[in-house]
Amino acid sequence: MRIDKLLANIGYGSRKEVKGLLKSGAVKVNEAIVKDAKLHVKPEEDIVTVHGEQIEYKEFVYLMMNKPPGVLSATEDHYQETVIDLLGLEDSIYEPFPVGRLDKDTEGLLLITNDGQLAHQLLSPKKHVPKTYFAVIEGEVTERDIEAFRAGVTLDDGYLTKPGELVILKSGPTSDIELTITEGKFHQVKRMFEAVDKRVIYLKRLSMGSLQLDKELELGEYRELTDEELEGLKRGQ
């Protein structure tokens, strides 16, 4: 990869700004000063420093976010804040995108990456990747609802969902539940409860495949996945 493209990709400015940086003698490759913007380097092998600080280049970025309510699961929007707006420059320069969508008012686990292959694997209907949600429901959730979800419910557009695993944590005028589904239809959790005449008043995603929301993450915070978390997702476990 050309040295100017490498430095631009990891946030050292535009190609023009990077050329100025090179001309100043601030960039070294394997201890030798480099001023030629066209020089090719191997990011995985060569040691590149800027002002004496070694740069770390990676092709992909994998981030776990605890998505806050009121923020869109999108890469950009002209009017509203998106999850990408919450990223620091050191991560947003990789041009990552959210894997699947959480509704604007929904909280919880959101994977953000620029690895299109992994995203496709996790979102493919053929893979049946389970997603678990915690929800507060207006109305008393009963064994009857558990059986209905286990059989699949018919949504407002006539679509019959795949079986969902419903667990009642607390039942009453408002009920606390956990629901695991293997699909990602538009507003699916809310529409499934509407199909049994109930309403979701709070929704949070807890897990996606093997990836569990880190309880240490405050709303709006994010961190890189650990190697173990990433391997689990790639193995489909």
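The values are calculated or read from the model by the stated rules, or taken from the named source; none is laboratory data. Just so it is clear, the structure is predicted and the values come from calculations on it, not from any experiment. Cβ sites come from the backbone with ideal geometry, for glycine too, and all protein chains shown count toward neighbours. Accessible surface areas use protein heavy atoms only, side chains included; no ligands, DNA or RNA. Shrake-Rupley method; radii C 1.70, N 1.55, O 1.52, S 1.80 Å.
Any chance you could count how many residues in segment 73-85 are surrounded by 12 or more Cβ atoms within 10 Å (Cβ to Cβ) and out of contact with any Lys or Arg (no Cβ under 9 Å at 6 or more places or on another chain)?
Number satisfying all stated conditions: 6.
VAL141: open to solvent by less than 50 Å² (accessible area, probe 1.4 Å), assigned to a loop (DSSP other than H, G, I, E, B) and in contact (Cβ under 8 Å) with a residue 60 or more places away in the chain, yes or no?
Details: open to solvent by less than 50 Å² (accessible area, probe 1.4 Å): yes; assigned to a loop (DSSP other than H, G, I, E, B): yes; in contact (Cβ under 8 Å) with a residue 60 or more places away in the chain: no.
Criteria not met by VAL141.
Within segment 104-114, count every residue that is in contact with a strand residue (DSSP E or B) (Cβ under 7 Å, 6 or more places away or on another chain), touching a residue at least 60 places away in the same chain (Cβ under 8 Å) and either open to solvent by 10 Å² or more (accessible area, probe 1.4 Å) or among the charged types (D, E, K, R) (or both).
1
Would you pick out the residues in segment 39-52 that are among the acidic types (Asp, Glu) and either in contact with a Leu (Cβ under 7 Å, 6 or more places away or on another chain) or surrounded by 12 or more Cβ atoms within 10 Å (Cβ to Cβ) (or both)? Walk me through how you get there before you give the answer.
Narrowing segment 39-52 to residues among the acidic types (Asp, Glu): 44-46.
Across segment 39-52, the qualifying residue is only ASP46.
Taking segment 195-224 only, how many residues are more than 21 Å from ASP176 (Cα to Cα) and without any contact (Cβ under 8 Å) to a residue 60 or more places away in the chain?
2
What are the pairs, 6+ residues apart or on separate chains, where a residue within segment 27-38 that is open to solvent by 80 Å² or more (accessible area, probe 1.4 Å) has its Cβ under 9 Å from a residue that is at pLDDT 95 or above and among the small types (Gly, Ala, Ser)?
If the second residue must be at pLDDT 95 or above and among the small types (Gly, Ala, Ser), no pairs are left.
What number of residues within segment 115-132 satisfy the criterion of being part of a loop (DSSP other than H, G, I, E, B) and open to solvent by less than 30 Å² (accessible area, probe 1.4 Å)? Give the steps one after another, and end with the answer.
Step one: of segment 115-132, the residues part of a loop (DSSP other than H, G, I, E, B) are 115, 124, 128-130.
From the residues that got through so far, the ones that are open to solvent by less than 30 Å² (accessible area, probe 1.4 Å) too are 115, 124, 129.
So the count comes out to 3.
Just to check your reading of the model, which residue among GLY70, GLY100, GLY152, GLY88 is touching a helix residue (DSSP H, G or I) at 6+ places or on another chain (Cβ under 6 Å), open to solvent by less than 50 Å² (accessible area, probe 1.4 Å) and of a type in the set (Gly, Ala, Ser)?
Details: GLY70 fails: touching a helix residue (DSSP H, G or I) at 6+ places or on another chain (Cβ under 6 Å); GLY152 fails: touching a helix residue (DSSP H, G or I) at 6+ places or on another chain (Cβ under 6 Å); GLY88 fails: touching a helix residue (DSSP H, G or I) at 6+ places or on another chain (Cβ under 6 Å).
Only one candidate passes the filter, namely GLY100.
Within segment 163-194, how many residues turn out to be among the charged types (D, E, K, R), in contact (Cβ under 8 Å) with a residue 24 or more places away in the chain and open to solvent by 70 Å² or more (accessible area, probe 1.4 Å)?
From segment 163-194, those among the charged types (D, E, K, R) are 165, 170, 176, 178, 183, 185, 190-191, 194; that's our starting set.
So of that shortlist, the ones also in contact (Cβ under 8 Å) with a residue 24 or more places away in the chain come out as 176, 178, 183, 185, 190-191, 194.
Checking the rest, the ones that are also open to solvent by 70 Å² or more (accessible area, probe 1.4 Å) come to 185, 194.
Looking only at that region, the number is 2.
Regarding segment 4-19, can at least one residue be identified that is over 30 Å from the mean Cα position of the chain (by Cα), surrounded by 12 or more Cβ atoms within 10 Å (Cβ to Cβ) and more than 27 Å from GLU224 (Cβ to Cβ)?
Checked segment 4-19: at least one residue is over 30 Å from the mean Cα position of the chain (by Cα), surrounded by 12 or more Cβ atoms within 10 Å (Cβ to Cβ) and more than 27 Å from GLU224 (Cβ to Cβ).
Here are GLU138, GLU147: which of them is within 30 Å of LYS198 (Cα to Cα), at pLDDT 95 or above, charged (D, E, K, R) and in contact with a Ser or Thr (Cβ under 7 Å, 6 or more places away or on another chain)? Don't jump to the end; show me each part of the working.
Details: GLU147 fails: in contact with a Ser or Thr (Cβ under 7 Å, 6 or more places away or on another chain).
Every option except GLU138 fails the conditions.
Among (1) touching a Leu at 6+ places or on another chain (Cβ under 7 Å); (2) surrounded by 18 or more Cβ atoms within 10 Å (Cβ to Cβ), where does TYR57 come up short?
Unmet for TYR57, out of (1) touching a Leu at 6+ places or on another chain (Cβ under 7 Å); (2) surrounded by 18 or more Cβ atoms within 10 Å (Cβ to Cβ): (2).
Just to confirm my filter: which strands (runs of 3 or more DSSP E) fall fully inside segment 169-234 and include at least 3 residues that are out of contact with any helix residue (DSSP H, G or I) (no Cβ under 9 Å at 6 or more places or on another chain)?
Working: elements: 174-181, 199-208, 222-224.
By residue number, 174-181, 199-208.
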